[in-house]
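A.B. asks: Take this structure, written in structure tokens, and hold onto it; I'll ask about it next.
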Amino acid sequence: MFSRVRTSLPNFKENRLLILCSVILLLLAASLTLSPAARARSWDVDYKWAHWLGYILWVVLFFYANRLIARHLPHHDPYLLPITSLLFGWGLMTIWRLTPSFGLRQTLWQIPAIYLLTWGVKRPSILVFLKRYKYLWLTSGLALTALTLLLGTNPTGKAFPHLWLGCCGFYIQPSEPLKLLLIVYLAAYLADSQDKQARRRDGKLVVTSTITHSLLPLLAPTAIMTSLALLLLIFQRDLGTATIFLFLYAMIIYIATGRWEILITGGGMLCLAGYAGYYLFDVVRIRIDAWINPWLDPSGRSYQIVQSLMAIANGGVLGRGIGMGNPSLVPIPHSDFIFAAISEESGLVGSLGLILLLVLLCTRGLTIALRASDNFQRFLACGLTTYLTAQSILIIGGNLRVLPLTGVTLPFVSYGGSSLVTSFLALMILLQISNQTPDPVLNKPNLKPILHLGGLLYAGFFATALAAGWWGFYRGPSLLTRTDNARRAIADLSVRRGDILDRNNDPLVTTLGEPGNYYRQVLYPAISPVVGYNNPTYGQSGLEASLDNYLRGIQGHPTLTIWWNHLLYGQPPPGLNIRLTLENRLQKIADELMANTTGALALMNAQNGEILVMASHPGFNANQLDTHWGELITDTNAPLLNRAVLGLYPTGDLENLLDAKNYTTADFFNVPQLRLPSDQMAASITGDTITPAQMVIMAATLSSGGTQPAASLVTAVETPRAGWVILTPLEKSNPEISITSVQAMIEKYAQSDQEMWWITEVIDKDAELPVTWFVGGTLPTQQDSSFAIALVLEESTPELAQQIGKDILSRAQHP
């Protein structure tokens, strides 16, 4: 009875774990089905159903395998099958989500993979069979790999590389099973090369589990066979697999000998191979350069790794949701970059969960190695565990920029029939080894090499986990603001962006279209230099950039609302409307008057500092960037520049407008905080130059009778709960500044018949690029309608400047 309970215990655990895995995958499949509704925020959509075929076949095949394994291997490790089944199922659902055609192929590939798994499970003598014919297996693998040099093809139709054999839609990659065959050969040869696994001395049984004699006779045959495999892979330019081979060889030899010089030599060979490959192969040089500094060429040679990091950053902590991200922006997301695809939609939580599954697989594999019944099985278990986990670290590290990209697959997870079948064959062998009953006398392994191997692999997983947190949490927000991040533009298609309104709530910029096809429209194109643009290709500028958090809906909503929308839809809530201080009527008048000029104008309410007009000419039409971008960026008149806040002009004698005893005019050269990108330019402004936005503050101080107002351009944001919420100006006014010359200045430049004052000055009149200033305002006695203006023209036209300035002031006073 006790024996029966012990026999059923592993199967009991395995059954429960498989049921848990099936529930997790059921939730993934259901989420994928509903994702079109969540993305469109509507139930009237076309749902995804095809992936349920993969899920149903997964349930049938893995529970069938579970029953068969329990029958033939009663003492097997109960955790291996659940771990690998969840890894495969997770990858399968991701492949279906990315490319349904590849999802169908991967679904069909699991049939031969599970068949070979169950076929091997039913044959207890398979380990002996593998050991006996070790030379045949490796020679066959080498022959198949060599055959690709003559008959190799590429299923994608590309001219290179030719790593596959086959035709008519069925292909195998011989280098995948060659990894398994190399491990079998090395384990069998090294086990046979022990002096004696157990020899008697003076009537006592002595056990040796490591090689004790000279390394040269031992390593010569293995080095020759491994070198042949490496040469074949180098000729194929399958350098990622060659790296795995070299690492596997070094680790298995170290496990067998326990000698540190093996690790040092292996590490040196890897470094030497990388150094030589950098100069011999373009693909290696490109990948290493992209690894060292991907930001030098983010849209060219480093495009893959940059997009991978952006996908991971886009996932954040909880992910965008299954089917809600944009992993297809990363090249080859179903294979080389499937970890990035999973990270984007499952977030840091999913990334760490996937890494944890691989850590558990590593732990169970090394545990099996420690409990193995003989050295062959021990070396074999160590080799297979190293293959599955080291390759995982290599490809995950490449996705996270911990290591250079290699192009190998993520075992059990990535798309690829050859890789999948090889991984399940490795699983079958591990299950067979775990079912063996160790001899307590003969089973005395040298623990140190195996523990060192485990420490090295765990360190690799720890590094990938840290990198996932770095890119997904710490660096994520800054990465997502990059102009080459297309995910923001794609999100704008589904989530309505907030409007930008003038002071009377007349829309200046709005969002048109339906969910999934939203687009931005500037209703008054002449305002483009001020409001800027939000373009999927050319990024953002102006208020569209500085107020992006409000307009995108990630600021201003209650925290719970933002979190709930992110959880359900993987997107922020609808954007919020923004109200400016600009008055559309006066803005249009100013733009009409300056239509054929080059310069800028700012009109301010001298009492409260609100900017009523901000004009910059020549300008551009933000609705036509896609057709005129090339002309705009090469135009010497710089139409993309908002001259009112970014144009630096000489001041001449204008800086002496205010002559104070206790207040210096240098304070007027501080950059006004207008919630524009120019807020970051304070360091570039000196006392010899000034922007029109600064000059109008100087004029407003005179018109207000000596009080410097706090300038503002953005006045309120419309929230769903509180309505319009006033945004306090970022700077405070300076009341009651003692300025002794204010009255004298007003009397000197006042035009009593027009209730205003002004000064016109041409600076560098005889220079090639003269500048004309018109600075003026209402008299301090006009408190009910107090205005100030600063106009600059990049030409010597004082009459025109005076005409435009007086006209704007007059229309502001008398609407």
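A.B. asks: Does any residue of segment 782-792 turn out to be in contact with a Gly (Cβ under 9 Å, 6 or more places away or on another chain), more than 17 Å from Leu612 (Cα to Cα), crowded, with 16+ Cβ neighbours inside 10 Å and in contact (Cβ under 8 Å) with a residue 24 or more places away in the chain?
C.D. replies: No, that holds for no residue.
A.B. asks: List every residue pair whose Cβ atoms lie under 7 Å apart, where the two residues are 6 or more positions apart in sequence or sit on different chains, the first residue falls within segment 446-471 and is within 30 Å of Asn375 (Cα to Cα), and the second residue, located anywhere, is not in a helix (DSSP H, G or I).
C.D. replies: Hits for this filter: Asn446/Ser209; Asn446/Thr210; Asn446/Gly258; Lys448/Gly258; Pro449/Gly258.
A.B. asks: Shifting gears a bit: Whether any residue in segment 119-135 is at pLDDT below 85, open to solvent by less than 80 Å² (accessible area, probe 1.4 Å) and either more than 30 Å from Ser343 (Cα to Cα) or among the hydroxyl-bearing types (Ser, Thr, Tyr) (or both) is what I want to check.
C.D. replies: Within segment 119-135, one or more residues are at pLDDT below 85, open to solvent by less than 80 Å² (accessible area, probe 1.4 Å) and either more than 30 Å from Ser343 (Cα to Cα) or among the hydroxyl-bearing types (Ser, Thr, Tyr) (or both).
A.B. asks: Residues to consider are Leu625, Leu612, Leu582; find the one that is under 24 Å from Gln521 (Cα atoms) and in a strand (DSSP E or B).
C.D. replies: The match here is Leu612.
A.B. asks: So which residues in segment 452-504 are basic (Lys, Arg), more than 19 Å from Phe339 (Cα to Cα) and within 15 Å of the chain's Cα centre (by Cα)?
C.D. replies: Within segment 452-504, Arg482, Arg488 meet the criteria.
A.B. asks: With respect to Pro298, determine if the residue is in contact (Cβ under 8 Å) with a residue 24 or more places away in the chain and loosely packed, with under 14 Cβ neighbours inside 10 Å. Steps first, please.
C.D. replies: Values: in contact (Cβ under 8 Å) with a residue 24 or more places away in the chain: yes; loosely packed, with under 14 Cβ neighbours inside 10 Å: no.
Answer is no for this residue.
A.B. asks: Are any residues in segment 534-579 closer than 17 Å to Thr715 by Cβ and assigned to a strand (DSSP E or B), and if so, which ones?
C.D. replies: Asn577, Ile578, Arg579
A.B. asks: Just one of Leu61, Leu81 is assigned to a helix (DSSP H, G or I) and open to solvent by 10 Å² or more (accessible area, probe 1.4 Å); which is it?
C.D. replies: That would be Leu61, the only listed residue that is assigned to a helix (DSSP H, G or I) and open to solvent by 10 Å² or more (accessible area, probe 1.4 Å).
A.B. asks: Ok, one more. Are any residues in segment 362-405 in a helix (DSSP H, G or I) and under 30 Å from Leu567 (Cα atoms), and if so, which ones?
C.D. replies: Result: Ser392, Ile393, Ile395, Ile396, Gly397, Gly398, Asn399.
A.B. asks: Going through segment 549-598 one residue at a time, which ones are buried (at least 17 other Cβ atoms within 10 Å of the Cβ) and either on the phi > 0 side of the Ramachandran plot or free of Cβ contacts under 8 Å to residues at least 24 places away in the same chain (or both)?
C.D. replies: Gly553, Ile554, Gly556, Asn565, Gly570
A.B. asks: Any residue that is open to solvent by 60 Å² or more (accessible area, probe 1.4 Å), assigned to a helix (DSSP H, G or I), of a type in the set (A, V, I, L, M) and over 30 Å from Leu190 (Cβ atoms) - is there at least one of those in segment 261-282?
C.D. replies: Taking every residue of segment 261-282 in turn, at least one turns out to be open to solvent by 60 Å² or more (accessible area, probe 1.4 Å), assigned to a helix (DSSP H, G or I), of a type in the set (A, V, I, L, M) and over 30 Å from Leu190 (Cβ atoms).
A.B. asks: Something else: Is it the case that Ser418 is touching a residue at least 24 places away in the same chain (Cβ under 8 Å), under 21 Å from Ala65 (Cβ atoms) and small (Gly, Ala, Ser)?
C.D. replies: yes
A.B. asks: If Leu186 passes every condition in (1) within 18 Å of Gln391 (Cβ to Cβ); (2) touching a Phe, Trp or Tyr at 6+ places or on another chain (Cβ under 6 Å); (3) at pLDDT 85 or above but one, which one does it miss?
C.D. replies: Exception for Leu186: condition (2).
A.B. asks: Shifting gears a bit: Regarding Leu352, is this residue closer than 28 Å to Gly516 by Cα and touching a helix residue (DSSP H, G or I) at 6+ places or on another chain (Cβ under 8 Å)? Give the steps one after another, and end with the answer.
C.D. replies: Details: closer than 28 Å to Gly516 by Cα: no; touching a helix residue (DSSP H, G or I) at 6+ places or on another chain (Cβ under 8 Å): yes.
It is false that Leu352 is closer than 28 Å to Gly516 by Cα and touching a helix residue (DSSP H, G or I) at 6+ places or on another chain (Cβ under 8 Å).
A.B. asks: For segment 64-78, which positions are in contact with a helix residue (DSSP H, G or I) (Cβ under 7 Å, 6 or more places away or on another chain) and either closer than 14 Å to Leu17 by Cα or buried (at least 20 other Cβ atoms within 10 Å of the Cβ) (or both)? Even if it seems obvious, please write down each step before you answer.
C.D. replies: Kept after step one, since they are in contact with a helix residue (DSSP H, G or I) (Cβ under 7 Å, 6 or more places away or on another chain), are these residues of segment 64-78: 65-66, 68-70, 72-78.
Listed by number, the residues that qualify are Ala65, Asn66, Ile69, Ala70, Leu73, His76, Asp77, Pro78.
A.B. asks: I'm trying to understand the selection: among the residues of segment 231-248, which are assigned to a helix (DSSP H, G or I), modelled with pLDDT under 75 and open to solvent by 30 Å² or more (accessible area, probe 1.4 Å)?
C.D. replies: Those that are assigned to a helix (DSSP H, G or I), modelled with pLDDT under 75 and open to solvent by 30 Å² or more (accessible area, probe 1.4 Å): Leu231, Ile234, Phe235, Leu239.
A.B. asks: Of the conditions (1) touching a residue at least 40 places away in the same chain (Cβ under 8 Å); (2) closer than 21 Å to Leu318 by Cβ; (3) open to solvent by 10 Å² or more (accessible area, probe 1.4 Å); (4) among the β-branched types (Val, Ile, Thr), Thr409 clears all except one; give me its number.
C.D. replies: Checking Thr409 against (1) touching a residue at least 40 places away in the same chain (Cβ under 8 Å); (2) closer than 21 Å to Leu318 by Cβ; (3) open to solvent by 10 Å² or more (accessible area, probe 1.4 Å); (4) among the β-branched types (Val, Ile, Thr), the one that fails is (2).
A.B. asks: Follow-up question, since we're still on this one. Would you point out which residue out of Leu425, Leu430 is of a type in the set (A, V, I, L, M), in contact with a Pro (Cβ under 8 Å, 6 or more places away or on another chain), at pLDDT 95 or above and within 30 Å of Thr367 (Cβ to Cβ)?
C.D. replies: Among Leu425, Leu430, only Leu425 is of a type in the set (A, V, I, L, M), in contact with a Pro (Cβ under 8 Å, 6 or more places away or on another chain), at pLDDT 95 or above and within 30 Å of Thr367 (Cβ to Cβ).
A.B. asks: Is it true that Leu493 is surrounded by 14 or more Cβ atoms within 10 Å (Cβ to Cβ) and out of contact with any helix residue (DSSP H, G or I) (no Cβ under 9 Å at 6 or more places or on another chain)?
C.D. replies: Yes.
A.B. asks: Being in contact with a Pro (Cβ under 6 Å, 6 or more places away or on another chain) and buried (at least 21 other Cβ atoms within 10 Å of the Cβ): is that true of Ser546 here? If you could, list the steps in order and put the result at the bottom.
C.D. replies: Details: in contact with a Pro (Cβ under 6 Å, 6 or more places away or on another chain): yes; buried (at least 21 other Cβ atoms within 10 Å of the Cβ): yes.
Against the criterion (in contact with a Pro (Cβ under 6 Å, 6 or more places away or on another chain) and buried (at least 21 other Cβ atoms within 10 Å of the Cβ)), Ser546 qualifies.
A.B. asks: Would you be able to tell me the number of residues in segment 599-641 that are over 43 Å from the mean Cα position of the chain (by Cα) and either open to solvent by 20 Å² or more (accessible area, probe 1.4 Å) or not aliphatic (A, V, I, L, M) (or both)?
C.D. replies: Within segment 599-641, residues that are over 43 Å from the mean Cα position of the chain (by Cα) and either open to solvent by 20 Å² or more (accessible area, probe 1.4 Å) or not aliphatic (A, V, I, L, M) (or both) number 3.
A.B. asks: All but one of (1) more than 53 Å from the chain's Cα centre (by Cα); (2) modelled with pLDDT under 75; (3) of a type outside the set (Ser, Thr, Tyr) hold for Pro780; which doesn't?
C.D. replies: Of the numbered conditions (1) more than 53 Å from the chain's Cα centre (by Cα); (2) modelled with pLDDT under 75; (3) of a type outside the set (Ser, Thr, Tyr), the odd one out for Pro780 is (2).
Residues are listed down the side, and each one gets a yes or a no for (1) over 22 Å from Ser101 (Cβ atoms); (2) among the basic types (Lys, Arg); (3) out of contact with any His (no Cβ under 8 Å at 6 or more places or on another chain):
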site	(1), (2), (3)
Gly365	yes, no, yes
Tyr387	yes, no, yes
Ala390	yes, no, yes
Ile395	yes, no, yes
Leu400	yes, no, yes
Leu403	yes, no, yes
Ser414	no, no, no
Val421	no, no, yes
Ala426	yes, no, yes
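A quick yes/no check of all residues on (1) in contact with a His (Cβ under 6 Å, 6 or more places away or on another chain); (2) in contact (Cβ under 8 Å) with a residue 60 or more places away in the chain:
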{"residue": "Leu18", "(1), (2)": "no, yes"}
{"residue": "Val59", "(1), (2)": "no, no"}
{"residue": "Pro78", "(1), (2)": "no, yes"}
{"residue": "Ile95", "(1), (2)": "yes, yes"}
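A.B. asks: Next question. Filter segment 323-347 down to the residues that are in a helix (DSSP H, G or I) and open to solvent by 30 Å² or more (accessible area, probe 1.4 Å) and list them by number.
C.D. replies: Ser328, Leu329
A.B. asks: Could you please let me know if Ala30 is aliphatic (A, V, I, L, M), open to solvent by less than 50 Å² (accessible area, probe 1.4 Å), part of a helix (DSSP H, G or I) and free of Cβ contacts under 8 Å to residues at least 40 places away in the same chain? Write out each step before concluding.
C.D. replies: Numbers: aliphatic (A, V, I, L, M): yes; open to solvent by less than 50 Å² (accessible area, probe 1.4 Å): yes; part of a helix (DSSP H, G or I): yes; free of Cβ contacts under 8 Å to residues at least 40 places away in the same chain: yes.
Yes, satisfied.
A.B. asks: Criterion first (part of a helix (DSSP H, G or I) and under 28 Å from the mean Cα position of the chain (by Cα)) does Ile433 satisfy it?
C.D. replies: No.
The values are calculated or read from the model by the stated rules, or taken from the named source; none is laboratory data. What you see is a predicted model; the values in this text were computed from it and never measured. Cβ coordinates were reconstructed from backbone atoms using ideal geometry, including for glycine residues, and neighbour counts include every protein chain displayed. Areas reflect the complete protein model, heavy atoms only, side chains present, ligands, DNA and RNA absent. Shrake-Rupley method; radii C 1.70, N 1.55, O 1.52, S 1.80 Å.
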